[in-house]
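Visitor: Next up is a structure, given as structure tokens.
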Amino acid sequence: MKDPSSNKAAALKGGPATSSKKPEFHTLEYEEILVAPLWVRIPIYVVFLVLIGFFLLYPIFDELANDLLNLSLSIVFVIILWILRFFLTLRASVFSTGIQFGFYLFNKRFDYSDILDCKPFHYELSDYLGWGIRKGPDGSILYNVPGDRGSAVKLTVRERDERMVYAFSAKRPEVICKRVSSHLRPVQP
């Protein structure tokens, strides 16, 4: 039979009973995943698959074709399609200690102590001139996907001792703002 005091000793020494690594964002409270609609994804996939197929199959029909060049171009188009796929899905996660939003490799995280304001926001596509990560005329940076209908969350944050404004697409921006605002402390003048 094991002595229960040995577990306490192991915990005090940082043994297997405790973890010395502090989790970054603790508990997930709310999450939205926005995926570009089919009318955007299918044409993109079709165009790239046709290009890849053309460069792979062209040497079969033309004996003078450069096999290495065609294979290289096919690989380049596969890589572009793989990277482009990441910009067709945007994730916004509200945790107990902060918020994270963005694309697979390109995302932002903020603790609640760095967030100054959070509010629902509606934008026009002409304000940011496209999809992805875009800078607006007011200096704000928008993370968006096609098909979001201009519905977004606007965050004012303190980043590297500067006041920055970020926005991101959301299905239900009011819900995200309500959850984030419940964690914010009143700003002292």
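Visitor: Fewest to most neighbouring Cβ within 10 Å: what's the order for 96, 126, 151? Can you show the working numbers first?
Guide: On the way: 96 12, 126 8, 151 17.
So the residues, fewest neighbours to most, are 126, 96, 151.
Visitor: What is the packing order of peptides 77-89, 57-69, taking the mean over residues of other C-beta atoms within 10 Å and listing the highest first?
Guide: On the way: 77-89: 14.8, 57-69: 10.8.
Taking the mean over residues of other Cβ atoms within 10 Å, the ranking is 77-89, 57-69.
Visitor: Determine how many Å³ per residue the convex hull of the Cα atoms of the stretch 130-170 encloses. Display every interim value, and only then the final one.
Guide: Numbers: hull volume 2.7 nm³, N = 41.
It comes to 65 Å³ per residue, whole-number rounded.
Visitor: Quick one: 110, 168, fewest Cβ neighbours within 10 Å first, how do they rank? Kindly include the intermediate steps, with their values, before the conclusion.
Guide: Working: 110 20, 168 30.
If I rank by nearby Cβ atoms, fewest first, I get 110, 168.
Visitor: Counting only Cα atoms, I'd like the Rg/Rh figure for the stretch 27-189, Kirkwood definition for Rh.
Guide: Rg/Rh: 1.14.
Visitor: Estimate the FRET efficiency between residue 86 and residue 114 by the formula 1/(1 + (r/R0)^6), using the beta-carbon distance for r and 25 Å for R0, to the nearest 0.05. Write out the running numbers ahead of the final one.
Guide: On the way: r = 25 Å, r/R0 = 1.01.
Efficiency, from the Cβ-Cβ distance: 0.50.
Visitor: Something else: Give the aspartates and glutamates whose C-alpha is closer than 14 Å to that of residue 135, dropping any in the same chain fewer than 8 places away, or say none.
Guide: Result set, ordered by chain and number: 124, 127.
Visitor: For residue 138, put the label point 7 Å out on the Cα→Cβ axis and report which residues of the stretch 103-123 keep their amide N under 20 Å from it.
Guide: Inside the label zone: 115-123.
Visitor: Please arrange 94, 40, 50, 180 by how many other C-beta atoms lie within 10 Å of their C-beta, fewest to most. Before the final figure, lay out each step's value.
Guide: Numbers: 94 27, 40 15, 50 11, 180 22.
With the fewest neighbours first, 94, 40, 50, 180 line up as 50, 40, 180, 94.
Quick note: the coordinates plus some simple rules give every number you see, no bench work behind them. Quick caveat, the model's predicted, so the values are computed rather than measured. Here the Cβ is made from the backbone with ideal geometry for all residues, glycine too, and neighbour counts use every protein chain on show.
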